Amino acid sequence: MILKILIKDISWFIISCLIFKIYIYCLDLKIYVNIDAEAIELKAKSGEDEEDEEKKKEQKSKKKEQSVLQAKLTKLAIQIGYVGMTIAICTVIVLIVRYCIKEYGIEKRPFTSAILKPLIKYLITGITVLVVAVPEGLPLAVTISLAYAVKKMMKDNNLVRHLDACETMGNATAICSDKTGTLTTNRMTVVQCYLNNKFYEALPSPNELPEKIRLLAQQAISINSNYASKLEPPTRPGQLASQLGNKTECGLLGFVEHIGGNYAAIRDQNPTNSYVHVYTFNSSRKSMSTCIRHPTVPGGVRLFTKGASEMVLNKCKYIMVGDTVRDFTPNDYETLLKSVIEPMASNGLRTICVAYKDFVPAEQKRAVNEEALTGSPLNWDEEEAKMVSGLTCICICGIQDPVRPEVPEAIRKCKHAGIVVRMVTGDNINTARSIARSCGIIGMNDDFLVIEGKDFNQRIKDEQGNVVQEKVDAIWPRLRVLARSSPQDKYILVKHIISSKLNPNREVVAVTGDGTNDGPALKKADVGFAMGIQGTDVAKEASDIILTDDNFNSIVKAVMWGRNVYDSIAKFLQFQLTVNVVAVICAFVGACVVAESPLRAVQMLWVNLIMDTLASLALATEPPTEELLERKPYGRTKALISRTMMKNIIGHSI
């Protein structure tokens, strides 16, 4: 009697263990596939109501989206669950039918409560088959593999914020990268300039320039820049000065020192609390303006402006030549564009125009480029277009930002690995094209698209101004460089490449960004890379991975680690499913032939315990190799278990 009670208790204990094990597996898998499902809400706010509504919709829909790995694991778990449940139910039905035929059909025994004992036994056998079919160690293997990759990727300057971004990066088919600081060194230096109606291919000495132009250029650059941008003297002989703050402004400050100026002394004479008004730089203005009290005319003010050369020159009405000012006509603009700006941009230089404008009382107006002040106060906020117009051009600077030496080889590896690299930048189209050729994004004879953001918007929108997916599909496969682009252009490009169905396996897109306005694009991308050095807090919070060195080469290393994670998971699946197929067949056939499974529940629990832990540690911690970049990416929709894996599983099982 005691023995029967003990056997009964052990049976119920085994059933409880099996059910608990299945529950833990489902819970772990559910936790994993829902990892990071709730996206972090963006802190950036847009000024337009339509953009606000679109961002809210994206934030809500983002909570329901899954990464590439999550989607594949969810689908695989459902498929395995269906197969395991089907076999388990079939096993229980076969055993019950066989028992009933034997007991009540052949031996003609009466129906009693004694049937409960074999029914419980058959139920345990069915649960055993189900447990054998389900790879309980998969969440463990995935977590170990991802955690191992995250730790190692930190040494490769990749700070991973979301675990699933590791594997997703391995499936990336496209990378939309910034130019400045990612593909280039982000050490700006003025190497050419246009001053005093002369194009200097090598910087002039201070003695070669008229004093008035030289002093105005020094003041315009020193005052109309963020005071946090500065040059620190080198600590050792032979070293270059350290650039702190905005690198473009640091390059211009270096130009001020080259032509004999002292930007620190000029800033001391004009503290920020003495400013009349400031128009900060943004993606729509592509310029910065600072207004101060006029240094020589009481009651007057002087506005300094610097920014993208085409934008600022379009607002110029005059130009300085010597100590005088002459009219700047549309013909002069075209001549300057072709003879100065385009040659600079073709050499990969960023062109910055520096200009100014004087506002003086009407009775003190002397020069033609001065604007007379009326009695009413100036409305800076509401009349920005009027204030920043009729400017006088002082100079145009060509700033060099050399390509990182390791970038061309990294992009070559991406191309060989089947990943398309696209440059999305706010620079001049000729500058962007030159840098793209230096990096290897485009070749001399390639038939790829290099267009500006304005042209891009005209091509993809209908008459009502709505973006049409079919029109985007006609452009993005050939698009390699998007110049003079805004953060909204980047977002539209990323969103519609992901939504496109031209590729049967669908595109997996990675994006780099550093500004606050890059937040929507970083969130929309499958993998968002934020710059650890130049990136804002909003960009970092919206990203999946932070590049601690702002280097494109680190993205290639992330691809290699992502593919290694994918292969590790595939190896574990092939190993465990092979064992599971054998065990399921043995349990099912044994139950049908000899009326009981040759593999007991306790035995299966022990086998799974060994498989889950040791196999996970062995297969999920293999280091990556360069050979991983020899194959094409799998894409978004390709199954986690390939045909080759299926053949291996069946072959090894037999």
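Listed by first and then second residue, the pairs linking a residue in the range 72-99 that is within 30 Å of R506 (Cα to Cα) and touching a residue at least 24 places away in the same chain (Cβ under 8 Å) to a residue that is of a type in the set (V, I, T) and in a helix (DSSP H, G or I), with Cβ atoms under 6 Å apart and 6 or more places separating them unless they lie on different chains, are L73/V33; T74/V33.
All conditions but one from (1) in a helix (DSSP H, G or I); (2) open to solvent by 70 Å² or more (accessible area, probe 1.4 Å); (3) touching a helix residue (DSSP H, G or I) at 6+ places or on another chain (Cβ under 7 Å) apply to D268; the one that does not is (3).
Is it the case that the range 234-246 has a residue that's at pLDDT 85 or above, assigned to a helix (DSSP H, G or I) and out of contact with any Leu (no Cβ under 6 Å at 6 or more places or on another chain)? No - not one qualifying residue is present in the range 234-246. Criterion first (open to solvent by 50 Å² or more (accessible area, probe 1.4 Å), under 30 Å from T625 (Cβ atoms), among the charged types (D, E, K, R) and under 21 Å from the mean Cα position of the chain (by Cα)) does R412 satisfy it? Judged against the criteria, R412 is a match.
If N445 satisfies all but one of (1) assigned to a helix (DSSP H, G or I); (2) surrounded by fewer than 16 Cβ atoms within 10 Å (Cβ to Cβ), what's the number of the condition it fails? All conditions pass for N445, except number (1). Within the range 617-635, the set of residues being under 21 Å from K413 (Cα atoms) and either part of a loop (DSSP other than H, G, I, E, B) or open to solvent by 40 Å² or more (accessible area, probe 1.4 Å) (or both) comprises P623, P624, T625, E626, E627, E630, R631, K632, P633, Y634, G635. Against the conditions (1) within 27 Å of N428 (Cβ to Cβ); (2) out of contact with any Lys or Arg (no Cβ under 8 Å at 6 or more places or on another chain); (3) not β-branched (V, I, T), R267 satisfies every one except (1).
Against the criterion of being open to solvent by less than 10 Å² (accessible area, probe 1.4 Å), closer than 22 Å to K152 by Cβ, free of Cβ contacts under 8 Å to residues at least 40 places away in the same chain and not aromatic (F, W, Y), A539 does not qualify.
Return the residues of the range 464-522 that are among the hydroxyl-bearing types (S, T, Y) and either part of a strand (DSSP E or B) or under 23 Å from L183 (Cα atoms) (or both); say none if nothing qualifies. Listed by number, the residues that qualify are S485, S486, Y491, T512, T516.
Exactly one residue among T296, T290 is of a type in the set (V, I, T) and in a strand (DSSP E or B), and that residue is T290. Remark: G532 falls outside the filter, which requires a residue to be open to solvent by less than 10 Å² (accessible area, probe 1.4 Å) and touching a strand residue (DSSP E or B) at 6+ places or on another chain (Cβ under 9 Å). Of everything listed in (1) modelled with pLDDT of 90 or more; (2) touching a Pro at 6+ places or on another chain (Cβ under 9 Å), the single unmet condition for Y356 is (2). Of the numbered criteria (1) surrounded by fewer than 24 Cβ atoms within 10 Å (Cβ to Cβ); (2) in contact (Cβ under 8 Å) with a residue 24 or more places away in the chain, the one D518 fails is (1).
When the range 276-287 is filtered for residues that are among the aromatic types (F, W, Y) and in a strand (DSSP E or B), only Y279 remains.
Of all residues in the range 570-585, those that are of a type in the set (G, A, S) have Cβ atoms under 8 Å from Cβ atoms of residues that are part of a helix (DSSP H, G or I) and open to solvent by 50 Å² or more (accessible area, probe 1.4 Å), 6 or more apart or on another chain, in A583/V607. Put simply, of A165, A149, A133, A141 the only residue that is under 30 Å from R600 (Cβ atoms), surrounded by 24 or more Cβ atoms within 10 Å (Cβ to Cβ), modelled with pLDDT under 90 and small (G, A, S) is A141.
Candidates D381, D427: the one that is farther than 23 Å from C353 by Cβ, assigned to a loop (DSSP other than H, G, I, E, B) and at pLDDT below 90 is D381. Is it true that some residue in the range 221-241 is of a type in the set (D, E) and under 25 Å from C316 (Cα atoms)? Looking through the range 221-241, none of the residues is of a type in the set (D, E) and under 25 Å from C316 (Cα atoms). The number of residues in the range 234-243 that are closer than 25 Å to I352 by Cβ and either among the charged types (D, E, K, R) or open to solvent by less than 70 Å² (accessible area, probe 1.4 Å) (or both) comes to 4.
The values are calculated or read from the model by the stated rules, or taken from the named source; none is laboratory data. From a predicted model like this one, the values you see are computed outputs, not experimental measurements. Methodologically, a virtual Cβ is constructed for each residue, glycine included, from the backbone with ideal geometry; neighbour enumeration extends over all protein chains shown. To get the accessible areas, we keep the full protein, side chains included, count just its heavy atoms, and leave off ligands, DNA and RNA. Shrake-Rupley method; radii C 1.70, N 1.55, O 1.52, S 1.80 Å.
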